[in-house]
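Enquirer: First, the structure itself, so that you have it in front of you.
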Amino acid sequence: MNLVRMGSIETPRSNALVPTAKIRLEANDIGSYLGNNVTWNDIGSGQYSGSIINGAAYTDANGGVFAFDGTDESVVIANSDTDWTFNASPKTLQMWVRLNSLTNTDGAFCGMLGKQSEGFNFDGYTVAVTHTGQMRITTNGAALLRAHNTPNNSIQINNWYFLSVVLALSSTTGSVKGYINDTLSVSSSHGTDTCTERNNLILARGFQRNASPDTYLNGQIGAFYAYDRELTANEISSNFNATRRRYGV
């Protein structure tokens, strides 16, 4: 039987998530995190475990979460040209996250995730929270840069949120979506473009185009899920409802 770490208690793992997640990282699951402060194991497809960078701290809060200091800590998932690049094939990325502040230690946005080059001249995408509490999905291609924002104050500090993004390189409205919990908050598109990035997928860190500093997360992450397809609104709601009790939402 699969077991989950809930503090010091082991309980059966819930199987209520929408199946076929290509990446499933669960901080409270002893199969996903063994306490070595090095690797966050993928219990989805088993192909995309994350490397914990600069010692992000593990805590038993909410059954088990990682705390990031907003300075230099992140989780790096090795690049996959087929699954996570910004292209015409839609993918869905989901994260349970809680912010301590709307800025990191450098005063920049708090990055949730990004797949963009560290040279600040890049193709790809990033998800961050702005100083005014917007979830910002940034998509970059060879010709276009787009910022897709939720309304101000959508995200507030010290609350847990289930953030979901749908990404596809397309000019069709709705090919870029953002959900907060189970509510659709962004429905947009990037436009007709190309994208050739080959960068790692990084959690708790984003990038700003042609600018520094990096957008590191000052907060906690409890789980990360990724699908190599677009989840429907009902499927996103299902994943939210299957996991929300652990976060008191």
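Enquirer: What pairs come up if the first residue lies in the stretch 113-126 and is modelled with pLDDT under 85 and open to solvent by 10 Å² or more (accessible area, probe 1.4 Å), the second is in a strand (DSSP E or B) and hydroxyl-bearing (S, T, Y), and their beta carbons are under 8 Å apart, counting only those six or more places apart or on different chains?
Expert: F120/S212
Enquirer: Looking at the stretch 58-71, can you tell me whether even one residue there is at pLDDT below 95, hydroxyl-bearing (S, T, Y), within 18 Å of V127 (Cα to Cα) and out of contact with any Leu (no Cβ under 9 Å at 6 or more places or on another chain)?
Expert: Yes, the stretch 58-71 contains a residue that is at pLDDT below 95, hydroxyl-bearing (S, T, Y), within 18 Å of V127 (Cα to Cα) and out of contact with any Leu (no Cβ under 9 Å at 6 or more places or on another chain).
Enquirer: Condition (residue is more than 16 Å from G114 (Cα to Cα), in contact with a helix residue (DSSP H, G or I) (Cβ under 9 Å, 6 or more places away or on another chain) and in a strand (DSSP E or B)) applied to the stretch 227-238: is it met by at least one residue?
Expert: no
Enquirer: Quick one: in the stretch 230-242, of everything that is in contact with a strand residue (DSSP E or B) (Cβ under 7 Å, 6 or more places away or on another chain) and of a type outside the set (D, E), which residue is most open to solvent (accessible area, probe 1.4 Å)?
Expert: A233
Enquirer: For the stretch 1-12, does any single residue satisfy the condition of being at pLDDT 95 or above and in contact with a Ser or Thr (Cβ under 6 Å, 6 or more places away or on another chain)?
Expert: no
Enquirer: Here are some conditions: (1) over 26 Å from S89 (Cβ atoms); (2) touching a helix residue (DSSP H, G or I) at 6+ places or on another chain (Cβ under 9 Å). P151 meets all but one. Which one does it not meet?
Expert: P151 satisfies every listed condition except (2).
Enquirer: Under the condition of being surrounded by fewer than 17 Cβ atoms within 10 Å (Cβ to Cβ) and outside any strand (DSSP E or B), which residue from the stretch 197-226 is modelled with the lowest pLDDT?
Expert: N210
Enquirer: Right, something else. If I go through the stretch 66-77 residue by residue, how many of them are under 17 Å from N36 (Cβ atoms), more than 14 Å from the chain's Cα centre (by Cα) and open to solvent by less than 10 Å² (accessible area, probe 1.4 Å)?
Expert: 0
Enquirer: Can you tell me which residues in the stretch 43-89 are under 24 Å from F109 (Cβ atoms), part of a strand (DSSP E or B) and among the hydroxyl-bearing types (S, T, Y)?
Expert: Correct list: S51, T59, S74.
The values are calculated or read from the model by the stated rules, or taken from the named source; none is laboratory data. Predicted, not measured: the structure shown is a model, and the values here were computed from it. For neighbour counting, all protein chains shown are included, and Cβ atoms are generated from backbone atoms with ideal geometry for every residue, glycine included. With ligands, DNA and RNA removed, areas are computed over all heavy atoms of the protein, side chains included. Shrake-Rupley method; radii C 1.70, N 1.55, O 1.52, S 1.80 Å.
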